[in-house]
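Step one of this worksheet: look at the structure below.
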Amino acid sequence: APAPAHPAPHAAPAPAAPVVIAAPPAPNPEEQRRITRAQVDEALRGALPNSWRVPGTETSVRLYGFIKTNLFGSLDLRDRSDAPSVQGIPLVGSAAGQQDGDISFSARRSRIGFDTQTPTAWGPLATKLEFDFAGDQPSPSGAATSSGYMPRLRQAYAEIGGDSFRVLLGQANSLWNEGLVETLTDATFINASAVRQAQIRFTGRLAPGLTGQVSLEAPYTDYTSSDGVFFPDSTLDGGASPATNQVPDLLGRLTWRGALGEASLRGLVRQLRIEADGTAAAPGGGGSSTIGWGVAANGSFNMNRLWPGFGADQLIGMAYYGEGIGRYFDSTTSGQAAYSRLGLPGAPEASLSAVPSWGFVAGYKHYWMPALRSTAAYGYARLDNPDFVSQFATGGPGATAVNREMQMGVVNLIWSPFARDSGGRVDAGWLDIGVEYIYFRRDLEGGATAGGDAGGRGIEQRLQASAIARF
């Protein structure tokens with residue numbers, strides 16, 4: 001028999017091969033820097049376009065503004081203002097009307113501002129703080145105007161809420177404002193508005209494309225008498241102004257935006273009040289008040305809805321009517337919201353009559369190419385003044401402020417070398433360079449009889465060249 005099998009003894013394991021750990025590749029300094037920068041950028045990117053987030057907070061901050069340089073001059077008279085109001089241009093025959101035009105160079109309309117946005121349980125909290133340098137000159141004599149313009153607060157407000165409903169509190173553009181006509185001049189276009197004031201505003205989305213707004217805004221009575229134009233902060237013979245305020249102004253607006261363009265309907269109601277007691281106007285004359293109101297409609301139509309060949313061209317229109325609108329049309333009726341008999345013989349009482357006014361604007365914006373565009377626009381305004389203004393002293397401050405009709409026209413050519421066309425909508429980019437012709441005319445109530453030696457009308461023609469660099 002075969003011998004029994006015996007299990008073979010276990011063989012000793014072979015020695016393990018040594019483990020070789022490869023050294024990590026040397027870091028690429030350029031890649032390290034790129035990754036680090038991307039991480040930092042992501043960490044600091046804000047919720048607003050072109051904004052950054054404050055480290056350790058949820059607040060996004062954006063800096064914006066522009067540098068604007070204007071070269072301008074009147075062709076036929078002397079007018080040093082860089083933002084002339086058509087209602088106050090020099091009259092033919094006045095001292096300024098007898099002088100030749102001169103030119104001026106200024107960058108005081110440059111602007112800087114900050115936007116912020118912070119998420120809250122009630123929706124985003126947005127704030128804005130904005131300044132320009134179009135404030136008063138520090139020297140009343142005008143002796144030192146080089147770099148002498150003071151900063152001026154334009155807007156300072158907070159707004160909270162979402163797309164459906166928002167509440168704003170602070171100084172902001174009035175609900176009455178609109179800026180349909182693109183101009184280079186900083187003068188407010190006739191029948192437009194550039195009022196900024198303290199307010200509380202409510203904004204709600206009523207339907208797709210339709211927004212409703214209501215605001216209570218700061219009151220500021222303005223009126224004209226034989227002694228001139230008065231506001232609450234004016235003085236009369238070194239004393240207080242008869243113009244006073246009692247209740248805020250009430251404004252409302254409906255705005256629709258869509259493929260056809262934009263349309264807006266707005267209205268306002270305001271109280272106008274004067275108090276003669278304690279003033280040099282008529283001590284013991286008592287007080288008087290009246291109601292001012294107005295309605296306006298404006299719109300812009302995208303011409304490419306008629307024919308694609310029109311490109312980004314727009315047709316612009318606006319019309320209004322009201323009584324006592326006054327300073328809300330700061331180029332035509334500021335100071336002429338109402339007239340008073342104060343200072344006239346046999347009329348010591350503090351009477352106040354709201355002034356009916358109406359007007360319109362028509363314009364067209366044409367794109368010669370995406371980088372080159374022009375706007376041509378014309379506006380007309382009329383005031384139906386009370387009969388007693390004929391008693392104002394001929395050539396006096398009251399009579400020479402009582403305009404009956406006003407006109408303004410503008411034609412410009414603006415080059416934006418970095419403009420981009422995005423499906424019929426043009427983004428102008430960061431640089432505009434342009435030239436502009438502006439025409440102003442005003443005719444006094446009563447004509448030369450009211451103006452005296454200064455004549456009964458004022459006509460000004462102006463040329464302006466501007467460069468605007470945005471950031």
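Anything in the range 92-109 that is within 30 Å of ALA469 (Cβ to Cβ) and at pLDDT below 85? List them, or say none.
GLY101, ASP102
Would you mind stating whether VAL40 is of a type in the set (Val, Ile, Thr), within 30 Å of GLU159 (Cα to Cα) and modelled with pLDDT under 95?
When the stated conditions are applied, VAL40 passes them.
Rundown of residues vs (1) among the small types (Gly, Ala, Ser); (2) closer than 20 Å to LEU216 by Cα; (3) in contact (Cβ under 8 Å) with a residue 24 or more places away in the chain, yes/no style:
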{"site": "GLY261", "(1), (2), (3)": "yes, no, yes"}
{"site": "ARG270", "(1), (2), (3)": "no, yes, yes"}
{"site": "GLY287", "(1), (2), (3)": "yes, no, yes"}
{"site": "GLY317", "(1), (2), (3)": "yes, no, yes"}
{"site": "GLY322", "(1), (2), (3)": "yes, yes, yes"}
{"site": "GLY326", "(1), (2), (3)": "yes, yes, yes"}
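Name the single residue, out of those in the range 188-197 being modelled with pLDDT of 95 or more and either part of a strand (DSSP E or B) or aromatic (Phe, Trp, Tyr) (or both), that is surrounded by the most Cβ atoms within 10 Å (Cβ to Cβ).
PHE189
For the range 245-265, which residues satisfy the criterion of being over 30 Å from TRP307 (Cα atoms) and either buried (at least 18 other Cβ atoms within 10 Å of the Cβ) or polar (S, T, N, Q) (or both)?
ASN245, GLN246, ASP249, LEU251, ARG253
Examine the range 205-224 for a residue that is in contact with a helix residue (DSSP H, G or I) (Cβ under 7 Å, 6 or more places away or on another chain), of a type outside the set (Val, Ile, Thr) and either more than 30 Å from VAL426 (Cα to Cα) or crowded, with 24+ Cβ neighbours inside 10 Å (or both), and state whether such a residue exists.
yes
When both residues are 6+ apart or on different chains and their Cβ atoms are under 9 Å apart, which pairs have a first residue that lies in the range 212-241 and is without any contact (Cβ under 8 Å) to a residue 40 or more places away in the chain, and a second that is assigned to a strand (DSSP E or B) and hydroxyl-bearing (Ser, Thr, Tyr)?
So the pair list comes out as VAL214/THR203; PRO232/THR244; SER241/THR235.
Filter the range 347-364 down to the residues that are surrounded by fewer than 20 Cβ atoms within 10 Å (Cβ to Cβ) and within 23 Å of the chain's Cα centre (by Cα) and list them by number.
TRP358, PHE360, ALA362, TYR364
I'd like to verify a number: residues in the range 401-414 that are in contact (Cβ under 8 Å) with a residue 40 or more places away in the chain, in a strand (DSSP E or B) and crowded, with 17+ Cβ neighbours inside 10 Å, how many?
8
Scan the range 45-65 residue by residue and report those that are without any contact (Cβ under 8 Å) to a residue 12 or more places away in the chain and buried (at least 16 other Cβ atoms within 10 Å of the Cβ).
Within the range 45-65, TRP52, ARG53 qualify.
How many residues, within the range 368-400, are under 26 Å from the mean Cα position of the chain (by Cα), of a type in the set (Gly, Ala, Ser) and surrounded by fewer than 21 Cβ atoms within 10 Å (Cβ to Cβ)?
3
With respect to ALA450, is the statement that it is over 17 Å from MET369 (Cα atoms) and at pLDDT 90 or above true?
So ALA450 does not fit the description; no.
So that you can scan it fast, the table gives a plain yes or no per residue for (1) at pLDDT 95 or above; (2) not in a loop (DSSP other than H, G, I, E, B):
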| site | (1), (2) |
| --- | --- |
| GLN137 | no, no |
| ALA158 | yes, yes |
| ASP163 | no, no |
| LEU168 | yes, yes |
| ALA172 | yes, yes |
| ASP186 | yes, no |
| GLN199 | yes, yes |
| GLY204 | yes, yes |
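Name the residues in the range 238-279 that are of a type in the set (Asp, Glu) and either under 22 Å from the mean Cα position of the chain (by Cα) or in a strand (DSSP E or B) (or both), would you?
ASP249, GLU262, GLU275
Restricting to the range 400-418, what's the tally of residues that are among the aliphatic types (A, V, I, L, M) and out of contact with any helix residue (DSSP H, G or I) (no Cβ under 6 Å at 6 or more places or on another chain)?
Adding up the residues that qualify gives 5.
Given the residues GLY299, GLY261, which is the only one that is touching an Asp or Glu at 6+ places or on another chain (Cβ under 7 Å) and over 21 Å from GLY326 (Cβ atoms)?
Residue meeting the stated conditions: GLY299.
Search the range 422-441 for residues that are outside any strand (DSSP E or B) and pair each with any residue that is polar (S, T, N, Q) when their beta-carbon atoms are under 9 Å apart and the residues are at least 6 apart or on different chains.
If the second residue must be polar (S, T, N, Q), the pairs left are GLY424/ASN302; GLY424/ASN304; ALA428/SER416; GLY429/SER416; TRP430/SER416.
Say we look at the range 315-331 and pick out the residues that are in contact with a Leu (Cβ under 9 Å, 6 or more places away or on another chain) and crowded, with 19+ Cβ neighbours inside 10 Å; which of these is farthest from PRO248 (Cα to Cα)?
For the range 315-331, the residue satisfying everything is ILE316.
Which one is farthest from SER331 (Cα to Cα) among residues in the range 442-471 that are assigned to a strand (DSSP E or B) and among the polar types (S, T, N, Q)?
Restricting to residues being assigned to a strand (DSSP E or B) and among the polar types (S, T, N, Q), the top hit is SER466.
Surrounded by fewer than 19 Cβ atoms within 10 Å (Cβ to Cβ), out of contact with any helix residue (DSSP H, G or I) (no Cβ under 8 Å at 6 or more places or on another chain), under 30 Å from TYR437 (Cα atoms) and acidic (Asp, Glu): is that true of GLU178 in this structure?
Here the answer is no, as GLU178 does not meet what is asked.
The values are calculated or read from the model by the stated rules, or taken from the named source; none is laboratory data. Bear in mind the structure is a predicted one, so any value in this text is a computation, not a measurement. FYI the Cβ positions are ideal-geometry reconstructions off the backbone, even for glycines, and counts take in every protein chain you see.
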